[in-house]
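J.: Can you read through this structure? Questions will come right after.
The values are calculated or read from the model by the stated rules, or taken from the named source; none is laboratory data. No experiment lies behind these values; they were computed from the predicted model shown. All Cβ positions, even for glycine, are placed from backbone atoms using ideal geometry, and neighbour counts span all protein chains on display. Keep in mind that these areas ignore ligands, DNA and RNA; they rest on the heavy atoms of the full protein, side chains included. Shrake-Rupley method; radii C 1.70, N 1.55, O 1.52, S 1.80 Å.
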Amino acid sequence: MSEDTNLKRREFIGNGAKLAAGLTIAPGVVVYGLSEASVPDRPAEEPASSERRWGMLVDSNKCATGCDKCVTACGEENGWDDSEPNSSPEQKAQWIRKVELRHKGTGKSHSLPMMCQHCENPPCVDVCPTNASMKRADGIVLVDRHRCIGCRYCMMACPYKARSFIHETLTDQEPHMPRGKGTVESCTMCVHRVDEGREPACVEECPEQAILFGDLNDPDSAIAQALTRYDSTAVREDLGLNPGVRYRGI
Amino acid sequence: MRISKLLQMVPAALALTLSAPALAGDGAGPEVPKAIKGEECVEPTSDMRRNHMEYLKHHRDEALREGIRTKQYSLKQCLECHVAPEGDPQAPQDSSEHFCMACHEYAGVTIDCFQCHATQPKETASFHPLVTPGMKAIKDQAGRSGELLNQFAESHASKTRTGAIQ
Ligand code: SF4
Ligand code: SF4
């Protein structure tokens, strides 16, 4: 056995041990509330690094027509599901939506979730006059609401219609996801979960396991492996934004 | 000469107006609720009184823009120790019972944090030491925590209050 394989094997065992630790501490003692091992991938005092680039691969072949579990999961996780009772559906925040595509010629239809694509060259960041729209070192695109003035330039600039403006005074925000009237918001790739070593809510809740989340820069990650193995597309590849979210089967 | 005399009078006048509400109460300043957890704050109390906003502002930029997730100066962590979650017997019923609001109202300083940030820690966190058996029972009835919070917000909104927490 070469040294290389040995290392891989050790890493594998190590990861297995970490997984087990999250669920049981001793025989018969089960820790509830931890649905998966959450090992933060860096210490709390360390900033996000550009060595990683978080991304997602959505398999539209697996994504079921009519299912919106990822949308519900996102709304509940981040508190945007029924937070604006006086707004019309067009006005309400929508961080992720299900899109149905049908090929006109063949009639074949696809279903897929659409959210902020976490562009490498994000137009929303280019146009923001206050630097509120920003890309974190690890590729996650966020709105710094301490700075956002609600001008909505970014909403116009985003080719994926990924951003929402909040029209109403909000009261029962989630402690991990501050949101408020007069600012713009979009998918954060569940940055609060990612920093704890957990997967985004949509990824966890998808019953078809149609969304793969991981580090695009790590050649050993499941997502990087899948990307080398299968054809995948960025939506509007022609724009050259190099999104962190890619799709299979469209 | 006159101007300087006037200026000398300003602090005296300020002191008078500031002490008026205090005199109406017990004369000892704002009634700030005691922390529900822990014995001491992350910095000495006198330092926190003077500089908490600087610490918070510094931390918020680091946390959001760089992803530094230390807890020492995090607003979420302030609330974990200083405010009980909704449904808890110690939970604030109006802003005068809320740690941050009580003092800010007394001092007449607007606080914008809670236009976006939650005013209380979340009662659902599985390991939250403040989750009491009573809380669990309420949670089981309400199903999802969002519904519980909405119910709570509605019952709060129906009460007439002065200086509502946003
Ligand atoms: S998808 Fe839209 S909001 Fe997200 S990074 Fe790209 S331009 Fe910005
Ligand atoms: S709405 Fe906010 S985030 Fe968007 S461009 Fe204007 S200031 Fe920037």
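J.: Give the span of the range B:30-122's Cα atoms along each principal axis, as three whole-Å numbers ordered largest to smallest.
T.: Rounded to whole Å, the extents work out to 36, 29, 27 Å.
J.: What does the C-alpha gyration tensor say about the overall shape of the range A:49-131? Classify as rounded when a/c is under 1.5, otherwise prolate if a/b is larger than b/c, or oblate.
T.: Oblate is the answer for the range A:49-131, as a/c is 1.5 or above yet b/c matches or exceeds a/b.
J.: Within 10 Å of each Cβ in A:124-135, how many Cβ atoms from other chains are there, averaged over the peptide?
T.: If you average over the peptide's residues, the count of other-chain Cβ atoms is 0.
J.: With the full set of protein chains in place, find how many percent of the accessible area of the range A:3-248 is carbon and sulfur; take the probe as 1.4 Å.
T.: Percent of accessible area from carbon and sulfur atoms in the range A:3-248: 52.
J.: Mind scanning A:69/A:181; A:62/A:135; A:181/B:76; A:92/B:76; A:98/B:71; B:71/B:122 and naming the pairs with a C-alpha gap bigger than 28 Å?
T.: Beyond 28 Å between Cα atoms: A:62/A:135; A:98/B:71.
J.: With both partners inside the range A:3-248, how many of the DSSP beta bridges are antiparallel, as a percent to the nearest 5?
T.: Roughly 85 percent of the DSSP beta bridges within the range A:3-248 come out antiparallel.
J.: Quick one: what do you get for the range A:3-248 if you divide its Cα Rg by 2.2 N^0.38 Å?
T.: Numbers: Rg = 19.1 Å, N = 246, 2.2 N^0.38 = 17.8 Å.
Compactness ratio reported: 1.07.
J.: Same structure, new question: Please give the average number of partner chain Cβ atoms lying within 10 Å of the Cβ of each residue in B:66-73, rounded to a whole number. Could you put the intermediate results ahead of the total?
T.: Working: counts 6, 14, 8, 12, 4, 1, 2, 0.
Neighbouring Cβ atoms belonging to other protein chains average 6 per residue here.
J.: Provide the buried accessible surface between chains A and B in square angstrom, both chains summed, 1.4 Å probe, rounded to the nearest 100. Show your work: numbers first, answer last.
T.: Numbers: alone 14120 and 12190 Å², together 23810 Å².
For A against B, buried area totals roughly 2500 Å².
J.: Can you give the direction-averaged projected area of the convex hull of the alpha-carbon atoms in the range A:168-223, in nm²? Show your work: numbers first, answer last.
T.: Numbers: hull surface 21.6 nm².
With the hull built on Cα positions only, its mean projection is 5.4 nm².
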